[in-house]
Amino acid sequence: MNKYDLIAQFNDCFKQLEAEIEMLSTLLKTLTLLPSAVFELPDVSKEEEHDEVVRVTVSPCYDEEARDLTLKLIANLFIYDNAPHISSKRAIRLPGVLCFSTDNQTFKSVKKQVEQINLLKKQLSDIVTKESGISKEERFDFVHNQLKGLITLNAYRTLTLLSDPDTVRFGWANKNIIKNLTRDEVLTQLEKSRAANRAVPPYTSEQWAERLDKEIITLSQLPENAKLKIKRPVKVQPIARVWYSERQKQVQYACPLPLFAFYIDKESDFKPVIGELPDYDANNIQIRHRPKAKKLQLIIPRMHLYLEK
């Protein structure tokens, strides 16, 4: 696919996504809303975007206010939709659940619409990360040359639809992203970054190139069969634990956006069982099981790249 066809496909996909989100929002406003809850998290300022998260105070919102906040957020795709002081590197998160009472036909209609939105989100991501053929370092420029100020994480984030869950409860998760790599895979990544010849603040392009050269030399001195591992901590994130009693099954979801729970053909006085999201306190976490970790030597700090001993 040539460059101009790719750009046209990218823009068409995004316009379709915006239109589908607007149609979904209009439809959801017409449905019977059951007791619902979302939990607002504090804004993250540009000065705080790299700080370790130690404490989070949540502010619960319910019912119509929860619905309106949710619909506003799923349509929030550009940095200029946010206040100027808010970080553009940390996507706004709004854990919670919106609950609706519907008949089966309406549920199927909403389900089809949500599936279409998620398909368009995946297509948008695939155009940038796969079909374009451009390197990871070039993706930012490609996206923002077409859609200036697009928050890609918001655009790619999928919507989660639930059918008749018995309970929806909330909590917090701490984890690491772990990825095993070969020496040559990391070298290829570094060499692509070097070839891009970009400046990465606070470095000039020359300073950044010098830093990459040193990292390439460090990697080249390792044995070819060296076991390398990226172990990058992920900032604490809200999760939802959904219980289905008929199946005796609990499903856990990352919850950056509210879940959409549909209760089909219930009695008029039915009320869903929804938990509250507690405040987060890093100094008051109980770890049930911590597996014995292998010894690791930090090789490239900025990449969280370790050599397994």
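The values are calculated or read from the model by the stated rules, or taken from the named source; none is laboratory data. All values reported here derive from a predicted model rather than from experimental measurement. No Cβ is skipped: glycine too gets one built from the backbone with ideal geometry, and neighbour counts run over all protein chains shown. Heavy atoms of the whole protein, side chains included, go into the accessibility calculation; ligands, DNA and RNA do not. Shrake-Rupley method; radii C 1.70, N 1.55, O 1.52, S 1.80 Å.
Annotations
- Of the GluC sites (Glu not before Pro) found in segment 1-86, those in coil by DSSP whose Cβ has at most 10 other Cβ atoms within 10 Å are E52.
- Heavy atoms of R302: accessible area, 1.4 Å probe, square angstrom to 10: 90 Å²
- Computed over protein heavy atoms with a 1.4 Å probe, the carbon and sulfur contribution to the accessible area of segment 212-258 reaches 47%.
- Prolate/oblate/rounded call for segment 151-309, Cα gyration tensor, a/c under 1.5 rounded: prolate
- Distance-filtered residues of segment 168-200 - backbone nitrogen under 12 Å, label point 7 angstrom along E224 Cα→Cβ: 183-184
- One decimal place: the segment Y80-E185 gains 34.1 nm when fully extended, by the rule 0.36 nm per residue minus the C-alpha distance.
- Pairs of Cα atoms nearer than 8 Å and 6+ residues apart set the relative contact order; for the chain it is 25 percent.
- Cα-based shape type of segment 1-77, given that a ≥ b ≥ c are square roots of the gyration tensor eigenvalues and the cut on a/c is 1.5: oblate
- Given charges at beta-carbon only (K, R positive; D, E negative), |dipole| of segment 163-282 in Debye: 460 debye
- Percent accessible area from carbon and sulfur atoms, segment 2-70, protein chains only, probe 1.4 Å: 48 percent
- In a reduced charge model with +1 at each Lys and Arg Cβ and -1 at each Asp and Glu Cβ, the chain shows a dipole moment near 1440 debye about its Cα centre.
- Using R0 = 22 Å, the C-beta based FRET efficiency linking S163 and E276 works out to 0.45.
- Extension gain from V54 to S125, taking 0.36 nm per residue of separation minus the Cα-Cα distance: 22.4 nm
- A 1.4 Å probe over all protein chains sorts D126, D269 by accessible area into D269, D126, starting with the largest.
- In Å², nearest 10: area of M303 left accessible to a 1.4 Å probe: 20 Å²
- For Rg/Rh (Cα atoms, Kirkwood Rh), calculated from these coordinates, the label among (1) 1.00; (2) 1.26; (3) 1.05: (1)
- Nitroxide proxy distance, nm - points 7 Å out along Cα→Cβ at Y62 and Q105: 3.4 nm
- Mean-position separation - Cα centroids, segment 236-254 and segment 63-114, in angstrom: 19 Å
- Computed lengthening from Y244 to N176, 0.36 nm per intervening residue step minus Cα-Cα distance: 21.7 nm
- Protein-only accessible surface at a 1.4 angstrom probe places the residues V143, V251 in the order V251, V143, largest first.
- Taking a Cβ cut-off of under 11 Å around M303, the surrounding Lys, Arg, Asp and Glu residues balance to a net charge of +4, with basic ones at +1 and acidic ones at -1.
- Per residue, the chain exposes 60 Å² of solvent-accessible protein surface, assessed with a 1.4 angstrom probe and all protein chains in place.
- Taking label points 7 Å from Cα along the Cα-to-Cβ direction, H144 and K3 give a separation of 1.9 nm.
- From its DSSP helices (H runs of at least four residues, each -39,500 (n - 2.57)), the chain gives a residue-normalised ellipticity at 222 nm of -11500 deg cm²/dmol.
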